[in-house]
Amino acid sequence: MIHILDSHVIDQISAGEVIERPAQMVKELIENAIDAQATEIEIDFSDGGKFVQVVDNGIGISSEDLPLAFARHATSKITQADDLWDLNSYGFRGEALASLGAVARTTLISKTKNDKSAFEQQSDYGKIKPLREASRELGTTIRVEGLFSNTPARLKFLKSDSAEHLQIKKVVKAMALVNEKISFRVRQQGKILFYWPAEENWLNRVKQVLDQQDLYEIKYNFHDLQLEAVLSSPKVTTRTAQNIWLFVQERWVQDRSLQAALMDGYRSFLMHGEYPYAVLRINAPKDSVDVNIHPTKSQIKFINPSDAYRLVLKSSRDFMEKAPWITELQERSSKNLVGLPDEPKRAKDSSALKELPNYAPRFQGSEFFKNQYQTKQFSLHDLKTAYNTAPLSIQDAEKIEVDNVGFSNSEKSLPVASSNEGFWQSLHIIGQAQLTYIVAQNNSGLILIDQHAAHERVAYERLMSQWKNKTIEVQNYLLPESIEMDEAEVEAVVSVASNLEQLGLFVDRAGPSTLAVRAAPVQIRGEAIHKVLHKTAEDVMVKTNSFALESVVRDLCATMACHSVVRAGQSLSTEQMKSLMIQMDEFSSSSFCPHGRPVYVEYPFSKIERDFGRIV
């Protein structure tokens with residue numbers, strides 16, 4: 001028999017959809033405070049989120065409206081269905097307070113500028129208490145106690161108190177990240193946890209909340225979409241995706257496609273298992289986004305999702321290629337702010353140091369080796385003790401034959417950089433350590449450069465450029481090479497065969513589970529072709545967006561570059577090292593290899609001086 005559910009049961013069902021866990025409740029209450037034009041919000045929570053209090057200084061709720069606050073689908077945000085496509089507020093369904101009132105003892109105290117005093121309305125697990133006068137200034141206080149105490153089935157699904165507290169903190173951070181002009185004060189069990197004062201500058205607020213300083217703000221437009229983002233350099237990463245924050249229309253959302261687009265933008269700059277700090281703020285025309293597809297409003301739907309993907313990918317890739325962290329490093333070096341001070345503060349026992357002979361000053365780049373051997377090999381231990389001490393003897397150094405490691409004859413004789421040189425050319429080359437690291441210096445410190453990683457990035461960027469310009473050199477095979485794959489993989493590769501030809505990779509179906517490779521780029525080896533085609537099949541089957549091909553191209557070019565450049569353990573002449581530096585300056589992304597490993601490590605002179613006790 002069909003019958004109408006009791007209103008109390010309906011309320012509890014609604015509460016289960018809207019209030020999944022305490023953190024979701026906190027989010028709803030903060031959103032209400034923001035909609036009420038609050039400039040100061042205080043959050044206090046304890047007992048795993050079963051107690052929460054949110055206090056704001058917003059416009060408040062009038063005494064006439066308070067009795068409706070706990071009614072279902074009662075809202076001041078919309079009046080008709082069309083309003084759902086023209087939202088200017090976080091809340092609009094009128095379900096949050098009704099849901100809370102059904103599963104907790106919820107007290108609402110509010111005062112408007114027109115009320116002579118504040119008023120209190122309480123819902124005790126669905127039972128509405130009479131309205132009464134209370135005491136507080138302009139704004140609203142919402143106190144929730146004993147959450148889910150009347151629904152044991154839901155209560156037992158809550159996680160530990162620490163886990164629920166962690167999720168609440170994440171929600172509060174999310175709300176603070178995109179509401180920089182609001183002051184947030186957060187307490188856990190009555191003790192201050194966070195305080196983020198109001199900020200006019202969004203970048204400063206993000207630095208506050210994420211507790212990171214090396215962040216960069218970018219802006220980007222694509223079609224009718226606008227993006228503001230704060231991103232970290234590939235040098236500042238985390239081990240999880242927890243610090244990737246996505247906001248659409250100022251709403252915190254979970255969207256795997258947008259996150260994948262961001263990670264594709266960072267592709268070839270991060271090692272496996274690394275994630276950036278990123279806050280993405282996307283705004284779109286109101287009628288192009290549906291925010292009403294999930295009860296918790298944690299998901300949205302774009303009318304043109306591919307545009308949103310392209311927006312995030314293009315902006316993050318552009319940021320990576322501009323590499324502003326290199327510009328900062330160059331500016332810091334040019335200012336010479338980190339070098340030896342004129343009057344350094346000496347250590348207490350520095351008198352003995354003054355009696356030592358006055359040895360040669362700092363290494364002066366390649367001049368140290370002038371008229372000597374082409375390179376000087378020394379250990380990392382020697383490097384750390386080299387600054388402002390007696391220069392290492394090169395009397396007994398063996399002259400090492402320099403191999404051809406991929407530099408053309410013209411590259412070996414490239415001139416020293418001019419006065420308008422880039423960052424890498426501006427470095428003074430000291431030598432080579434462990435036949436692997438180029439040792440250089442600038443005004444601020446010593447810099448070690450991984451010769452393989454550096455040359456690999458140069459080769460990779462050139463290969464990518466050849467692909468984009470369709471100038472890849474191709475080798476035709478006398479006999480096609482057969483590759484065995486699953487039938488689904490073969491089908492996936494064949495479906496993009498015409499695109500692969502743009503890479504110089506020509507394949508045909510030779511059987512249900514066999515591919516025939518007729519031609520390939522001259523730089524790539526046989527085993528690498530197998531890996532690339534398997535990766536192509538995986539991407540085509542998993543990724544349905546049009547950027548799957550570029551992802552494969554990047555992997556292919558990274559593989560080709562890795563097998564065609566100078567290796568670790570190979571000796572380089574000073575001229576070859578200079579040549580590599582000039583090539584690195586051609587590409588702003590040369591501070592990371594295509595697999596995300598750092599190309600260089602910096603040792604500031606200030607740190608070296610402290611290690612030697614020259615300054616304290």
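Quick notes on this one:
A quick yes/no check of all residues on (1) part of a loop (DSSP other than H, G, I, E, B); (2) modelled with pLDDT under 85; (3) within 27 Å of I303 (Cβ to Cβ):
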{"residue": "V9", "(1), (2), (3)": "no, yes, no"}
{"residue": "E17", "(1), (2), (3)": "no, yes, yes"}
{"residue": "Q24", "(1), (2), (3)": "no, no, yes"}
{"residue": "A38", "(1), (2), (3)": "yes, no, no"}
{"residue": "V52", "(1), (2), (3)": "no, no, no"}
{"residue": "V55", "(1), (2), (3)": "no, no, no"}
{"residue": "K77", "(1), (2), (3)": "yes, yes, yes"}
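- Residues (farther than 20 Å from A38 by Cβ and part of a strand (DSSP E or B)) located in the range 112-143: Q122, S123, D124, K127, I128, R132, E133
- Cβ pairs under 9 Å, 6+ apart, first in the range 489-500 and more than 18 Å from G511 (Cβ to Cβ) and assigned by TED's automatic domain parsing to the domain that holds V553, second modelled with pLDDT of 85 or more and β-branched (V, I, T): L500/V493; L500/V507
- Qualifying positions in the range 173-226 - closer than 24 Å to D35 by Cβ and among the basic types (K, R): K173, K181, R185, R187, R205
- V601 vs. criteria at pLDDT below 85 and not basic (K, R): no
- Any hit, the range 447-460, residues being among the small types (G, A, S), at pLDDT 85 or above and loosely packed, with under 14 Cβ neighbours inside 10 Å: no
- Checked against the criterion of being surrounded by 13 or more Cβ atoms within 10 Å (Cβ to Cβ) and of a type outside the set (A, V, I, L, M, F, W, C), the candidates R187, R239 yield just one match: R187.
- Scanning the range 588-610 for residues that are surrounded by fewer than 19 Cβ atoms within 10 Å (Cβ to Cβ) and either of a type in the set (F, W, Y) or in a helix (DSSP H, G or I) (or both) yields Y603, S606, K607, R610.
Here is a yes/no grid of residues against (1) more than 14 Å from the chain's Cα centre (by Cα); (2) closer than 22 Å to S591 by Cβ:
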| residue | (1), (2) |
| --- | --- |
| A198 | yes, no |
| N221 | yes, no |
| D224 | yes, no |
| E228 | no, no |
| S233 | no, yes |
| T237 | no, yes |
| R251 | yes, no |
| L258 | no, no |
| Y277 | no, yes |
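- Restricting attention to the range 461-485, the residues being among the charged types (D, E, K, R) and crowded, with 20+ Cβ neighbours inside 10 Å number 1.
- One residue stands out among those in the range 460-480 that are touching a residue at least 24 places away in the same chain (Cβ under 8 Å) and either of a type in the set (A, V, I, L, M) or in contact with a His (Cβ under 9 Å, 6 or more places away or on another chain) (or both): the one that is nearest to V517 (Cα to Cα), which is V474.
Yes/no per residue for (1) of a type in the set (S, T, N, Q); (2) modelled with pLDDT of 95 or more; (3) not assigned by TED's automatic domain parsing to the domain that holds A33:
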site: P152; (1), (2), (3): no, no, no
site: I168; (1), (2), (3): no, yes, no
site: A176; (1), (2), (3): no, yes, no
site: F184; (1), (2), (3): no, yes, no
site: Q188; (1), (2), (3): yes, yes, no
site: V206; (1), (2), (3): no, yes, yes
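The values are calculated or read from the model by the stated rules, or taken from the named source; none is laboratory data. All of these numbers come straight from a predicted model, not from anything done at the bench. Positions of Cβ are generated from backbone atoms using ideal geometry, with glycine treated the same way; all protein chains shown enter the neighbour counts.
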